[in-house]
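Below is one structure, written out as structure tokens; the observations come after it.
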Amino acid sequence: MNKTLRALFGATALLTLAGVAAAETTITVATVNNGDMIRMQGLMDDFYAKNPDIKVEWVTLEENVLRQKVTTDIATKGGQFDVLTIGTYEVPIWGKAGWLVGLNDLPAEWDKADLLPAIAGGLTVDGELYAAPFYGESSMVMYRKDLMEAAGLTMPEAPTWADIKAAAAAMTNKDAEQYGICLRGKAGWGENMAFLTAMSNSFGAKWFDENWNPQFDQQPWKDTLSFYLDLMNEYGPPGASNNGFNENLALFQQGHCGMWIDATVAASFVTGKDSTVADKVGFALAPDNGLGKRGNWLWAWSLAVPAGSAKVDAAKTFVAWATSKEYTALVASKEGWANVPPGTRTSLYANPDYQSVPFAKMTLDSINSADPTQPTVDPVPYVGVQFVAIPEFQGFATAVGQQFSAALAGTTSVDDALAAAQELTKTEMTKAGYIK
Amino acid sequence: MARKITQTRKTTVTVIAWIIGFLIFFPILWTILMSFKSEGDAIKAPLAMLTSHWTLESYGEVQERSNYLRFFMNSVVISLGSTILALVIAIPAAWSMAFVPGRRTKDLLMWMLSTKMMPAVGVLVPMYLMFRDFGLLDTRTGLVVVLTLINLPIVVWMLYTYFKEIPGEILEAARMDGANLRSEILYVLTPMAVPGIASTMLLNIILAWNEAFWTLQLTTSDAAPLTQFIASYSSPEGLFYAKLSAASTMAIAPILILGWFSQKQLVRGLTFGAVK
């Protein structure tokens with residue numbers, strides 16, 4: 001082979017390589033540090049095998065940092081991210097604002113109709129799906145079967161708040177650091193206010209009437225807060241006003257809680273390897289008061305494509321892969337059915353393998369019993385079970401959460417906390433133009 | 001007459017100093033201890049945690065999940081880059097304020113310092129828009145510029161304080177010997193102020209290394225430094241203390257070692273001119 005021919009071959013090979021490199025699209029995915037998200041990062045070989053021309057760059061951040069950063073980027077059309085991990089709160093607001101790309105055109109085999117209606121409903125605006133659910137959750141009662149048995153009680157599958165109080169009283173032994181109930185007390189719209197808003201729905205309370213007037217001066221809110229404080233002061237752990245999801249998880253795993261009402265996703269943690277009570281945990285629906293609404297919430301961590309992305313097609317390909325039935329099967333084959341992302345697809349709960357997972361049925365029942373479009377006993381002008389899907393909510397709900405957390409810490413009374421909540425919410429809603 | 005310091009007094013002061021030192025170091029010590037525990041043990045009560053099994057599993061997981069070296073190199077580049085750029089700007093500025101002050105020099109110094117009093121989040125959106133338009137988002141260059149700007153007031157102030165201690169007559173003598181402005185700053189002032197410049201440099205490196213607002217807001221992956229490496233290990237749902245502690249230990253170790261070896265220089269620089 002002469003030199004010219006060799007040079008030609010070499011140049012052709014180089015050009016081909018350069019062509020391949022140029023054809024590769026890199027997408028940046030912003031996500032939170034949750035077990036399911038981290039697991040996905042370890043299973044990317046499957047995606048690369050199916051999509052050799054797409055490379056994924058992960059940006060994993062703490063939830064609040066991620067929320068702030070993504071909000072800034074999307075509002076300024078910075079275009080830093082191609083796929084966002086966002087919650088049920090952001091999707092309707094951002095979808096309505098035109099900040100997200102619609103996903104109704106995902107491939108037919110992705111099977112949009114298979115999504116759980118309650119979850120899909122929270123991610124849809126005017127018939128357009130703006131985010132694909134990666135995992136969904138509600139809240140439920142996790143309780144210690146051994147302590148209930150020792151107290152001679154049986155937990156109903158659908159308990160009332162009176163059942164919960166009776167069980168908490170029976171399981172409390174403060175000398176042995178055994179507390180009947182652990183609930184969120186840490187201030188924050190996604191912390192104590194997520195729990196209390198969902199709880200208030202079952203007491204007939206609501207954030208606003210149909211004219212957007214705050215309702216903290218009404219009896220149902222007083223009943224909700226009084227019941228919560230009595231329950232926690234009598235049967236809760238000390239320092240509960242500092243406890244959020246992770247603090248209560250630690251307490252429950254170490255055997256200090258008789259009951260814990262929180263996210264269904266916690267079921268795999270309390271029955272997992274780090275739990276000292278893994279084999280003693282039972283599950284029940286979140287409590288009600290006989291008014292037709294249960295105190296459980298609805299949330300989904302979902303994948304969305306921001307309108308500022310320049311790589312929409314590649315981003316949609318990734319979203320379709322990560323939220324597909326095939327991905328669920330992939331996780332099951334590698335990590336077992338108990339570890340698949342829960343709460344998004346009807347087909348998962350029809351699968352006999354998944355039905356044998358202890359918390360599967362209760363998770364589905366909890367999700368199905370939450371209705372984000374009609375969250376309260378009386379009609380309301382907003383969407384959202386444990387939040388109100390308006391942009392201003394994060395700010396004033398955290399301020400209200402601080403008042404309620406202070407009441408739990410004993411530094412303010414129920415009446416004063418409710419009065420302050422009413423005043424500050426009214427001020428913010430007037431400023432935002434909801435109240436004329 | 002010099003006051004006689006008794007042995008008891010000396011011992012008491014030493015013990016108090018050690019206690020204060022221990023209290024300041026305690027959070028770092030606890031982070032390091034927690035990083036050698038499993039997630040299950042890390043959430044136990046303090047005594048139970050200390051007596052539980054020691055393990056390197058969190059370090060293993062962190063290594064497996066993240067490219068530490070990439071974050072580390074970004075931290076090195078932006079800390080050193082912003083420090084050098086700040087010194088290049090601040091040395092002439094501090095010289096001017098120290099040796100040829102104007103009527104408004106003190107006001108100017110106060111104004112510079114006042115920019116540090118503004119909450120960073122107040123200018124987040126305009127900064128973000130400027131970075132977007134100049135193509136500086138997620139770049140080391142962008143971070144070097146922003147960290148230089150936010151630390152510049154402190155650098156100028158520190159250098160100004162050091163330069164004020166240098167007798168102006170020496171610079172005058174250099175001028176009489178024919179030194180121009182460049183030579184005066186480069187060959188007379190700078191060598192005399194080396195201890196001050198060195199401590200300013202060290203402090204600026206530490207400040208830039210630890211800066212966690214702009215470095216988190218303006219980067220995604222290519223220029224992300226160790227602050228983002230740490231932030232990626234906090235979890236809203238699930239235990240994370242041990243892994244977060246391991247990531248934090250790995251992120252602060254280089255700067256702790258630098259601080260340890262340069263502590264004499266740092267203390268000397270920070271207390272310069274404090275006692276006359």
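The values are calculated or read from the model by the stated rules, or taken from the named source; none is laboratory data. Every value quoted in this text rests on a predicted model; they were computed, and no experiment measured them. FYI the Cβ positions are ideal-geometry reconstructions off the backbone, even for glycines, and counts take in every protein chain you see.
If you check B:Leu189, B:Leu226, which single one turns out to be at pLDDT 95 or above, buried (at least 22 other Cβ atoms within 10 Å of the Cβ) and more than 10 Å from every other protein chain (Cβ to nearest Cβ)?
Only one candidate qualifies: B:Leu226.
Pairs under 7 Å by beta carbon, first residue closer than 17 Å to B:Val156 by Cα and part of a loop (DSSP other than H, G, I, E, B) in the range B:181-207, partner modelled with pLDDT of 85 or more and hydrophobic (A, V, I, L, M, F, W, C), six or more apart or different chains?
Cβ pairs passing all conditions: B:Ala193/B:Phe163; B:Ala193/B:Ile166.
When A:Gln68 is evaluated against the numbered criteria (1) free of Cβ contacts under 8 Å to residues at least 12 places away in the same chain; (2) more than 10 Å from chain B (Cβ to nearest Cβ), which criterion, by number, is the only one it fails?
Result: A:Gln68 passes all but (2).
Take the residues in the range A:74-96 that are at pLDDT below 90 and in a helix (DSSP H, G or I), then tell me which one is nearest to the other protein chains (Cβ to nearest Cβ).
Taking the candidates together, the pick is A:Ala75.
Kindly indicate which of A:Thr197, A:Thr276, A:Thr264 is out of contact with any Phe, Trp or Tyr (no Cβ under 6 Å at 6 or more places or on another chain), surrounded by 24 or more Cβ atoms within 10 Å (Cβ to Cβ), of a type in the set (Ser, Thr, Tyr) and closer than 22 Å to A:Pro358 by Cβ.
Working: A:Thr197 fails: closer than 22 Å to A:Pro358 by Cβ; A:Thr276 fails: surrounded by 24 or more Cβ atoms within 10 Å (Cβ to Cβ).
Every option except A:Thr264 fails the conditions.
Hey, could you check the range A:28-61 for residues that are closer than 22 Å to A:Leu100 by Cα and of a type in the set (D, E, K, R) and say which is nearest to the other protein chains (Cβ to nearest Cβ)?
Across the range A:28-61, the extreme among qualifying residues is A:Glu57.
How many residues does the range A:409-436 hold that are out of contact with any Phe, Trp or Tyr (no Cβ under 6 Å at 6 or more places or on another chain), under 19 Å from A:Glu392 (Cα atoms) and part of a loop (DSSP other than H, G, I, E, B)?
3
Of the residues B:Ile150, B:Ile166, B:Ile154, which is away from chain A (no Cβ under 14 Å) and outside any helix (DSSP H, G or I)?
B:Ile166
Determine whether A:Ser347 is in contact with a Lys or Arg (Cβ under 8 Å, 6 or more places away or on another chain), in a helix (DSSP H, G or I) and either surrounded by fewer than 18 Cβ atoms within 10 Å (Cβ to Cβ) or outside the structural domain of A:Lys293 (by TED's automatic domain parsing) (or both).
yes
Please work out which residue is farthest from the other protein chains (Cβ to nearest Cβ), limiting yourself to the range B:9-53 and to residues that are in contact with a helix residue (DSSP H, G or I) (Cβ under 9 Å, 6 or more places away or on another chain) and of a type in the set (Phe, Trp, Tyr).
Only one residue fits best here, namely B:Phe22.
For the range A:357-392, name all the residues that are in a helix (DSSP H, G or I), within 22 Å of A:Leu183 (Cα to Cα) and out of contact with any Leu (no Cβ under 9 Å at 6 or more places or on another chain).
A:Thr363 - this is the single residue of the range A:357-392 that is in a helix (DSSP H, G or I), within 22 Å of A:Leu183 (Cα to Cα) and out of contact with any Leu (no Cβ under 9 Å at 6 or more places or on another chain).
Six or more apart or on different chains, Cβ atoms under 7 Å: show the pairs whose first residue is in the range A:259-273 and within 11 Å of chain B (Cβ to nearest Cβ) and whose second is among the β-branched types (Val, Ile, Thr).
Every condition considered, the pairs that remain are A:Thr264/A:Thr363.
A:Ile119 versus (1) of a type outside the set (Phe, Trp, Tyr); (2) loosely packed, with under 15 Cβ neighbours inside 10 Å; (3) more than 14 Å from chain B (Cβ to nearest Cβ): which is the lone unmet condition?
Failing condition for A:Ile119: (2).
If you take the residues in the range B:129-181 that are closer than 23 Å to B:Ala93 by Cβ and of a type in the set (Asp, Glu), which one is surrounded by the fewest Cβ atoms within 10 Å (Cβ to Cβ)?
Out of the qualifying residues, it is B:Glu169.
Residues that are surrounded by 11 or more Cβ atoms within 10 Å (Cβ to Cβ) and touching a Leu at 6+ places or on another chain (Cβ under 7 Å): list the helices (runs of 4 or more DSSP H) wholly contained in the range B:1-110 that include at least 3 such residues.
The qualifying helices (runs of 4 or more DSSP H) are B:68-99.
Counting only residues that are in a loop (DSSP other than H, G, I, E, B) and at pLDDT below 95, which one in the range A:296-307 is surrounded by the fewest Cβ atoms within 10 Å (Cβ to Cβ)?
A:Ala307
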